[in-house]
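Written out below as structure tokens is the structure these notes cover.
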Amino acid sequence: MNQELIGGAKRIVIKVGSSSITGANESKLDGIVDLAVRLMDSGKDVLIVSSGAIATAAPMIGLTVKSEDLATSQALASIGQARLMARYERSLARHNRIPAQILLTVDNLEEDVTRTNAQRALERLIEIGVVPVINENDSVATQEIRFGDNDQLAARVSGLFGADLLLLLSDVDSLYTAPPSEAGAERIPVVSFGADLSEVQVSGTSTGYGTGGALTKLAAARQAAENGVGVILTATENVSVLDTEECNHTWFEPAR
């Protein structure tokens, strides 16, 4: 099913979280880039929404515990964003491609002028074959005015980009009726638009420097679906086969 859904999409947003591409999982970034390039080579328009700046910077300054101080988080974001983009640049260079960094705040997408400017920039980057890599501008965002997590940002950007598919990459391969580590948890392969998920037990916690979790991914998937964007939620480990083989995932049907 995932092959059919991906094959039928023209514009795709790939969202990847901090835990998937930093620390022990740093090497997984290449697989995500490989997927993006395969999709582009097949004629699709692709952009990446990527977390990871703060998690990338923390070990560079010897920080092993997540800081709750806003100024420290902003400083880490400014340090880590350059290193994160360098990693994307090196990975894309293997395919003779280059990335473009776009940092957004809530205001950018809520104000008509800046929203239009961001949309035009994305369109031009796609036209010239560059891979847009989008992140929240954490260096200037405040606790009161921010997306809160890049899952929500990905849902918003999907609408801005006119995407018909959002790939939400996670630590787990699907949405389950309960945390998958619990006995009796069952995988949910399809979520119909407007389906009642009140009985689903979803954790809102995240690990390491990530700000998301299963709860934020579910909220983002439903937001994207409401805007007419179909969503595939699956594990980052599946990127090597996601577009060529069937693998576990949850499909969120979009509004029609």
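Below is a table of values for the structure above.
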| quantity | calculated |
| --- | --- |
| Filtered residues of segment 163-191 (kept if part of a loop (DSSP other than H, G, I, E, B) and either touching an Asp or Glu at 6+ places or on another chain (Cβ under 9 Å) or among the acidic types (Asp, Glu) (or both)) | 163, 164, 171, 173, 177, 178, 180, 182, 186 |
| Given (1) buried (at least 23 other Cβ atoms within 10 Å of the Cβ); (2) within 26 Å of residue 238 (Cβ to Cβ), index of the condition residue 24 fails | (1) |
| Which listed residue is in contact with a Ser or Thr (Cβ under 6 Å, 6 or more places away or on another chain), modelled with pLDDT of 95 or more and over 30 Å from residue 70 (Cα atoms), from 239, 190, 200, 229 | 229 |
| Qualifying residue in segment 4-14 (condition: touching a helix residue (DSSP H, G or I) at 6+ places or on another chain (Cβ under 6 Å), more than 23 Å from residue 126 (Cα to Cα) and at pLDDT 90 or above) | no |
| Selected residue (only one of 62, 7, 52, 80 is at positive phi and more than 16 Å from the chain's Cα centre (by Cα)) | 62 |
| Which numbered condition residue 170 fails, given (1) at pLDDT below 90; (2) buried (at least 20 other Cβ atoms within 10 Å of the Cβ); (3) hydroxyl-bearing (Ser, Thr, Tyr) | (1) |
| Qualifying residue in segment 91-98 (condition: in contact with a strand residue (DSSP E or B) (Cβ under 7 Å, 6 or more places away or on another chain), closer than 19 Å to residue 57 by Cβ and not aromatic (Phe, Trp, Tyr)) | no |
| Filter result for the condition that a residue is of a type in the set (A, V, I, L, M, F, W, C) and either buried (at least 22 other Cβ atoms within 10 Å of the Cβ) or within 13 Å of residue 13 (Cβ to Cβ) (or both), over 219, 255, 235, 225 | 225 |
| Tabulated pairs, segment 111-140, first part of a loop (DSSP other than H, G, I, E, B), second of a type in the set (D, E, K, R) and at pLDDT 95 or above, C-beta under 9 angstrom, 6+ apart or interchain | 129/97; 130/97; 130/124 |
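The values are calculated or read from the model by the stated rules, or taken from the named source; none is laboratory data. From a predicted model like this one, the values you see are computed outputs, not experimental measurements. Cβ sites come from the backbone with ideal geometry, for glycine too, and all protein chains shown count toward neighbours.
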